[in-house]
1. Which Rg and Dmax, in Å, describe the Cα atoms of region 1-147?
2. Can you tell me what percent of all Cα-Cα pairs in region 27-97 are more than 14 Å apart?
3. Among 139-148, 41-50, how do they line up by average Cβ neighbours within 10 Å per residue, starting with the highest?
4. How much of the DSSP bridge set in the chain is antiparallel, in percent, rounded to the nearest 5?
5. Would you mind getting me the FRET efficiency between T55 and E117? Use the beta-carbon distance for r and R0 = 25 Å, nearest 0.05.
6. Please state the charge dipole magnitude for region 49-113, taken about the Cα centre, from unit charges on C-beta atoms (+1 on K and R, -1 on D and E), reported in debye and rounded to the nearest 20.
7. Suppose only helical runs count, i.e. DSSP H with n ≥ 4. What mean residue ellipticity at 222 nm does that imply for the chain under -39500 (n - 2.57) per run, divided by all residues and rounded to the nearest 500 deg cm²/dmol?
8. Rounded to the nearest 20 debye, what is the charge dipole size of region 1-86 about its Cα centre when +1 sits on each Lys and Arg Cβ and -1 on each Asp and Glu Cβ?
Amino acid sequence: MASVVPIAANTLGVDIDTPLSGNVASCLNSNSRIFCGRYIPLSGQTCGSNVDCLTAAEAGYLTEYGVAVLVIQHGRTTVYTSDSDAETYGTNDAAAAVTYLSQIGAPAGLYVYVDVENGNSSVDENSHYATAWANYIAGHGSYYPALYSGSCMTVP
């Protein structure tokens, strides 16, 4: 993976949940797409036939063609039984993110996004999940936590 670079506000990019090739990276660059959001696995997920994950090779294709990689951890759809259950999932998922990023050679200083769009749980439970996730990532010290969310999650 290349170095960490800042991306300016209002920069154009895409969010893709399938592996990309060098040809697609070149196409993104030629169409002024400066970044590409790609996903990493949750705890308990295995990359492969049912879960597409960012790989080191893919990150290499993207950065080789001048496209920055926005790392997003897959969204969880679990029905939490309590706030503490949500926190446990958040901590476990964050640990899985750190392990996976280390395995693919992600550089320190990278912002890592947690996808919080779980319509199966309450805003309160989703908040507990995201907070536990962010605390683990921040406490690890290699990466910075960030939130990626849709309309079903509003943090007060």
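Values in this text are rule-based calculations from the coordinates and carry no lab data. For clarity, every value in this text was computed on a predicted model and none was experimentally measured. We place every Cβ from the backbone using ideal geometry, glycine too, and count neighbours over all the protein chains shown.
1. 15.3, 47
2. Numbers: 1616 of 2485 pairs.
Of all Cα-Cα pairs in region 27-97, 65 percent lie more than 14 Å apart.
3. Working: 139-148: 15.5, 41-50: 13.3.
Per-residue mean Cβ counts within 10 Å order the peptides as 139-148, 41-50.
4. Values: 0 of 18 bridges.
That works out to approximately 0 percent antiparallel.
5. Values: r = 24 Å, r/R0 = 0.94.
After rounding, the FRET efficiency stands at 0.60.
6. On the way: 1 positive and 7 negative charges, 22 e Å.
Dipole size: approximately 100 debye.
7. Numbers: 4 runs with 57 residues, N = 156.
It comes out at -12000 deg cm²/dmol, rounded to the nearest 500.
8. Values: 3 positive and 7 negative charges, 38 e Å.
Charge dipole of region 1-86: 180 debye, to the nearest 20.
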